[in-house]
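Notes for the one structure printed next.
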Amino acid sequence: MSSVNNTISLIARGEGIPLGKPGRSQESCDDELAKGPWEFDLAEALAGVPGYGPGASNADLAPADIPRQGVLPQEYKDAPDEELFARILAAKEELGDRVVVLGHFYQRDEVVRFADFVGDSFQLANAAKAKAKAEAIVFCGVHFMAETADMLSGAHQKVILPNLAAGCSMADMADLPSVEACWAELEGLYGSSPDAQGRVPVIPVTYMNSSAALKAFCGKHGGIVCTSSNAATVLEWAFERGQRVLFFPDQHLGRNTAKAMGISLENMPLWNPRMPLGGNSPETMGDAKVVLWQGFCSVHKRFTPAQIEQARQDFPGVRVIVHPECPMEVVDAADEAGSTDYILKAVQGAPDGSTFAIGTEINMVNRLAAQYPQHTIFCLDPVICPCSTMYRIHPGYLAWVLEGLLRGEVLNQITVPEEIAIDARVALERMLAAKPGVNQVPFGQSGKAREA
Ligand code: SF4
């Protein structure tokens, strides 16, 4: 099966080939995806306007201070893929155990093929920790993932993000000043004294997809980090210690998880950081159990109940699994919802000949389809629209940073200052220590397990 990027190039040339199943349309959301990301990096640097580049987040508003990538040397832009592949392999071979390359599930095939480990952000940060001999950890994912790897890896290890412009639009939707301003408003509303059971007014919970500064905020204020695998466990932990939760940055993961725990939508006000009291009345806030930050993932926002209906019409008996970053209506209409690891395990454990419609990033879905040909697997979204920021990592950048290491040069290092890392680790350690309760209710219609 053709890779997502090859297919996008073919579509741009008017020669699209099937990526999904017969009857599903072959278009990409942006012709610019067929170009090298350096074209966008350069245009952005020249214009002085940051953006997320082509792909699902292209229309999102990017904060002015997000990291930008400097110019990639011309030789890496000009080299054909085959040459880059050979150079990457040669550099990896020469570096041996001194380097470990990590590839996120959503990364393009042309990069993932060189990864020593492939997984979700937390699995990869732990994989880096296990490779103690590696002086350099090349993280082919996005910025917050590289920060987490830096905080969890050894002091002698340097974490490298091949393209600094590979951020995460969702993570950028909550920054420290806005969260601090929200916290001050919540304190004004609820005070800071515990109730009769010793529960504080609010526990901050941040999704892994957030900056190290926000993880540190949680560590400092009695809060915790969660992943899409353990969000229910983490919310249970939080409600044992607090009367309510401030959940950021992903409203959908927060809403889907809290709803599955039986919390009413009326008790989940949405917090718009640009409005006083988040755009809510004091009465609404008085009833709040989970205050949801107004953030979202533009990849997962693309999925709709109509796509699920269409998949069921086209493939009777199809098993629909979506990621909990999808909107609530989509999670409710799906058979199951779960993390990337949950989706992977569901495919691995299914009887041969199963059909899956999957609501997560296209690179992962396409790879599953190639790795498990005994099943029919396709992406719910018929339009090919990868994550804009994962797309910014191209084999040219990977070759550039690896050859830099051969010369003794550490390019694009991601470092979290120790004063931030100390508090952020507290929030991460709380997450690791949190244990699931016995009464967790799964997402989706079928009642299958959520925790992966
Ligand atoms: S898929 Fe969404 S949440 Fe994940 S890195 Fe891309 S924008 Fe961020």
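Structure data summary
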{"quantity": "Single residue of VAL410, VAL383 found to be within 16 Å of the ligand (Cβ to nearest atom), within 26 Å of ALA165 (Cα to Cα) and either surrounded by fewer than 22 Cβ atoms within 10 Å (Cβ to Cβ) or free of Cβ contacts under 8 Å to residues at least 24 places away in the same chain (or both)", "calculated": "VAL383"}
{"quantity": "Out of ALA333, ALA346, ALA350, ALA337, sole residue that is touching a residue at least 24 places away in the same chain (Cβ under 8 Å), surrounded by 24 or more Cβ atoms within 10 Å (Cβ to Cβ), of a type in the set (Gly, Ala, Ser) and not assigned by TED's automatic domain parsing to the domain that holds VAL245", "calculated": "ALA337"}
{"quantity": "Criterion (surrounded by fewer than 24 Cβ atoms within 10 Å (Cβ to Cβ) and within 22 Å of the chain's Cα centre (by Cα)) met by exactly one of PRO316, PRO305, PRO276", "calculated": "PRO305"}
{"quantity": "Exclusive hit being modelled with pLDDT under 95, among the aliphatic types (A, V, I, L, M) and more than 22 Å from GLU418 (Cβ to Cβ), set ALA127, ALA155", "calculated": "ALA127"}
{"quantity": "Selection from the stretch 39-61 of residues that are under 22 Å from the mean Cα position of the chain (by Cα) and within 14 Å of ALA165 (Cα to Cα)", "calculated": "PHE40, ASP41, PRO50, GLY51, TYR52, GLY53, PRO54, GLY55, SER57, ASN58"}
{"quantity": "Hey, ALA212 under 24 Å from THR284 (Cα atoms), modelled with pLDDT of 95 or more and not assigned by TED's automatic domain parsing to the domain that holds LEU344 or not", "calculated": "no"}
{"quantity": "Residue among ILE358, ILE377 that is within 15 Å of the ligand (Cβ to nearest atom), free of Cβ contacts under 8 Å to residues at least 60 places away in the same chain and outside any loop (DSSP other than H, G, I, E, B)", "calculated": "ILE358"}
{"quantity": "Failed item in (1) part of a helix (DSSP H, G or I); (2) surrounded by fewer than 22 Cβ atoms within 10 Å (Cβ to Cβ); (3) within 16 Å of the ligand (Cβ to nearest atom), with PRO177 passing the rest", "calculated": "(3)"}
{"quantity": "Test: residue in the stretch 14-22 that is at pLDDT 90 or above and closer than 21 Å to VAL111 by Cα", "calculated": "no"}
{"quantity": "Those residues of the stretch 84-118 which are touching a residue at least 40 places away in the same chain (Cβ under 8 Å), in a strand (DSSP E or B) and surrounded by 24 or more Cβ atoms within 10 Å (Cβ to Cβ), in sequence order", "calculated": "VAL101, LEU102, HIS104"}
{"quantity": "Subset of the stretch 272-300 that is over 30 Å from CYS387 (Cα atoms) and among the small types (Gly, Ala, Ser) - its residue that is nearest to the ligand (Cβ to nearest atom)", "calculated": "ALA288"}
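The values are calculated or read from the model by the stated rules, or taken from the named source; none is laboratory data. These numbers were taken from a predicted model, which means no experiment stands behind them. A quick note on method: Cβ atoms are made from the backbone with ideal geometry, for glycine too, and the neighbour counts reach across all protein chains shown.
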